[in-house]
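What follows is one structure encoded as structure tokens, with my remarks underneath.
The values are calculated or read from the model by the stated rules, or taken from the named source; none is laboratory data. Keep in mind the model is a prediction, meaning the values are calculated, not measured. All Cβ positions, glycine included, derive from the backbone under ideal geometry; neighbour counts span all protein chains shown. Please note that ligands, DNA and RNA were not included when accessible areas were found on the heavy atoms of the full protein model with its side chains. Shrake-Rupley method; radii C 1.70, N 1.55, O 1.52, S 1.80 Å.
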Amino acid sequence: MVDLSTGINPFSYPLPRLDAEVFARLPEPADVDRLAAIAAVAYAAPSADHVVAAPGLQLVLPMVAALAPRGRAAVLSPTFDEHARVAALAGHTVREVTEFPELAEAELAIVVNPNNPDGRLIARDTLLALADALAPGLLVVDEAFMDVAPEPAASLAAHVGRRNVVVLRSFGKFFGLAGVRLGFVLAAPEIAARLAATLGPWAVSGPALAAGAAALADTAWIAAMRARLADTARRLDALLIAAGLEVAGGTTLFRLVRTPAAGAVFDRLGRAGIVVRRFAGHPSWLRFGLPGSETDWRRLATALSIDAAPGVVGEER
């Protein structure tokens, strides 16, 4: 199978050889502090005291949702489904809203920026104005794909000193190391300390700490990879457009297409051994991740071959 259903970089960071000791002993506090300091620089957070390393973001989403007193939660949708689910688990009454101003009516507002799956990017000043309107309510901004945003200045990482702004950053997506299970919460020091205490000691494994420190400090690789992903996304756009599919948005890690034949395209790709993402609430949408090899590109091109009818995905030739 060719799995194009994720937004994970297929060109993984080339991990250095890790010392066997990181597998044989529990991490030291100094290892955690070192990673926090490197992450603070990489994400432009005010300091390491504003950074909490976690064993993936999935574990900390309910903890972050619980930072706001139980009340109304609003999630700017359509977006990543887990935010609405975990906000409800934290005891909030959840509304998925489609208009940005509606977020100000909640005690907990959640925005994915850039958004998954359409790549919508909300300006930093707009988000800061929302934080002001919410106060003392909490604004949570999921920046899982900010590493590839066309305007990284939209990040709120530098503004997490505010007590009502929390930023989430993914590690595995951009670096193509989802199995490492590493993510970061950026928040005011008192909030960060509270989350770290809840996670407890040794929450992040020694190998994950070492991998994260090496990758986040490798600025040359990061810059080169951003350029490579942009080139690869343009190549994917050209292929999708040639197949008669409308590219409706996305980031350089995934592309969202819109077609009335989405169900047929999904089935056809599946029969060719290629998995893409469907959306139950949006039957005309499909999300494509990036092929990682020339073999994968050829398989996708063959599966998307078009017949004489423009805009219709046809039978294989």
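Taking the stretch 253-306 as the search range and keeping residues that are open to solvent by 40 Å² or more (accessible area, probe 1.4 Å) and aromatic (F, W, Y), which one is farthest from S170 (Cα to Cα)?
F266
Yes or no: G281 at pLDDT below 95, of a type outside the set (S, T, Y) and either farther than 22 Å from G56 by Cα or touching a helix residue (DSSP H, G or I) at 6+ places or on another chain (Cβ under 9 Å) (or both)? Explain how you work it out, then say what you get.
Details: at pLDDT below 95: yes; of a type outside the set (S, T, Y): yes; either farther than 22 Å from G56 by Cα or touching a helix residue (DSSP H, G or I) at 6+ places or on another chain (Cβ under 9 Å) (or both): yes.
Yes.
Evaluate the following for V60: is it crowded, with 18+ Cβ neighbours inside 10 Å and within 17 Å of G200 (Cβ to Cβ)? Write out each step before concluding.
Values: crowded, with 18+ Cβ neighbours inside 10 Å: yes; within 17 Å of G200 (Cβ to Cβ): yes.
Considered against the rule, which asks whether it is crowded, with 18+ Cβ neighbours inside 10 Å and within 17 Å of G200 (Cβ to Cβ), V60 comes out as yes.
Inspect the stretch 161-171 for any residue being without any contact (Cβ under 8 Å) to a residue 40 or more places away in the chain, part of a helix (DSSP H, G or I), open to solvent by 30 Å² or more (accessible area, probe 1.4 Å) and over 19 Å from Q58 (Cβ atoms) and give the result as yes or no.
No - not one qualifying residue is present in the stretch 161-171.
How many of the residues making up the stretch 107-123 are small (G, A, S) and either in contact (Cβ under 8 Å) with a residue 60 or more places away in the chain or open to solvent by 10 Å² or more (accessible area, probe 1.4 Å) (or both)?
2
Select from the stretch 13-55 the residues that are in contact with a helix residue (DSSP H, G or I) (Cβ under 9 Å, 6 or more places away or on another chain) and among the basic types (K, R) and write down the one among them that is farthest from I222 (Cα to Cα).
R25
Is it the case that the stretch 20-41 has a residue that's closer than 21 Å to A196 by Cβ, modelled with pLDDT under 95 and surrounded by fewer than 14 Cβ atoms within 10 Å (Cβ to Cβ)?
No, that holds for no residue.
Given the options L209, L199, name the one that is touching a strand residue (DSSP E or B) at 6+ places or on another chain (Cβ under 8 Å), surrounded by fewer than 19 Cβ atoms within 10 Å (Cβ to Cβ) and at pLDDT 95 or above.
L199
Out of all the residues in the stretch 124-160, which are modelled with pLDDT under 95, part of a loop (DSSP other than H, G, I, E, B) and either open to solvent by less than 60 Å² (accessible area, probe 1.4 Å) or farther than 24 Å from R228 by Cβ (or both)? Spell out the reasoning first.
To start, the set of residues in the stretch 124-160 that are modelled with pLDDT under 95 comprises 135-136, 149-154.
This time we only want the ones that are part of a loop (DSSP other than H, G, I, E, B), so: 135-136, 149-151.
Matches in the stretch 124-160: A135, P136, A149.
Test G311 against the criterion of being at positive phi, modelled with pLDDT under 95 and either surrounded by 12 or more Cβ atoms within 10 Å (Cβ to Cβ) or of a type in the set (S, T, Y) (or both), and give yes or no. Break it down into steps so the answer makes sense when it comes.
Numbers: at positive phi: yes; modelled with pLDDT under 95: yes; either surrounded by 12 or more Cβ atoms within 10 Å (Cβ to Cβ) or of a type in the set (S, T, Y) (or both): yes.
In short, yes.
Every residue in the stretch 2-12 that is touching a helix residue (DSSP H, G or I) at 6+ places or on another chain (Cβ under 9 Å) and open to solvent by 20 Å² or more (accessible area, probe 1.4 Å), please.
Across the stretch 2-12, the qualifying residues are T6, I8, P10, F11, S12.
Which one is most open to solvent (accessible area, probe 1.4 Å), of the residues in the stretch 74-91 that are closer than 20 Å to L134 by Cβ and part of a helix (DSSP H, G or I)?
Only one residue tops the list, namely A88.
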